[in-house]
1. Checking residue 43 against (1) touching a helix residue (DSSP H, G or I) at 6+ places or on another chain (Cβ under 8 Å); (2) assigned to a loop (DSSP other than H, G, I, E, B): exactly one of these is not met. Which one?
2. Just checking, does the range 49-61 include any residue being over 28 Å from residue 4 (Cα atoms) and in a loop (DSSP other than H, G, I, E, B)?
3. From the set of residues in the range 33-48 that are of a type outside the set (A, V, I, L, M, F, W, C) and either loosely packed, with under 12 Cβ neighbours inside 10 Å or in contact (Cβ under 8 Å) with a residue 60 or more places away in the chain (or both), which is nearest to residue 1 (Cα to Cα)?
4. Given the conditions (1) in contact with a helix residue (DSSP H, G or I) (Cβ under 9 Å, 6 or more places away or on another chain); (2) surrounded by fewer than 12 Cβ atoms within 10 Å (Cβ to Cβ); (3) over 26 Å from residue 76 (Cα atoms), and given that residue 30 satisfies all but one, which numbered condition is not satisfied?
5. Counting just the residues of the range 25-78 that are modelled with pLDDT of 90 or more and among the small types (Gly, Ala, Ser), which one comes out nearest to the chain's Cα centre (by Cα)?
6. Considering only the range 1-27, how many residues are surrounded by fewer than 15 Cβ atoms within 10 Å (Cβ to Cβ), touching a Leu at 6+ places or on another chain (Cβ under 9 Å) and part of a helix (DSSP H, G or I)?
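The values are calculated or read from the model by the stated rules, or taken from the named source; none is laboratory data. In this text the structure is predicted, and so the values were computed from the model without any measurement. A quick note on method: Cβ atoms are made from the backbone with ideal geometry, for glycine too, and the neighbour counts reach across all protein chains shown.
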Amino acid sequence: MSAKIRAFLFNFLCFGALFLLIRLGILYCFPQLPYLITFIITGGLAIVLSPRFAAYEDDEKGKEVLLMRWIFLKGIRQF
């Protein structure tokens, strides 16, 4: 599996997991909140809080590298 596909899958899975957790938390705390407002708040928070994965080709080694950036970690992590 190429690094670009892995980056796409990791982005999707992290966003989806955070979206569901935040949505369930908001609905638990505020059960009377309309669903449209819940989805807007949840989507915005999930976009901001989810880690970003990216792939690039290393010129020196000639292979694809997977990188992660997250607001809770300093710098960029390489996988």
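1. Every condition holds for residue 43 apart from (2).
2. Taking every residue of the range 49-61 in turn, none turns out to be over 28 Å from residue 4 (Cα atoms) and in a loop (DSSP other than H, G, I, E, B).
3. 44
4. Every condition holds for residue 30 apart from (2).
5. 50
6. Qualifying residue count, the range 1-27: 1.
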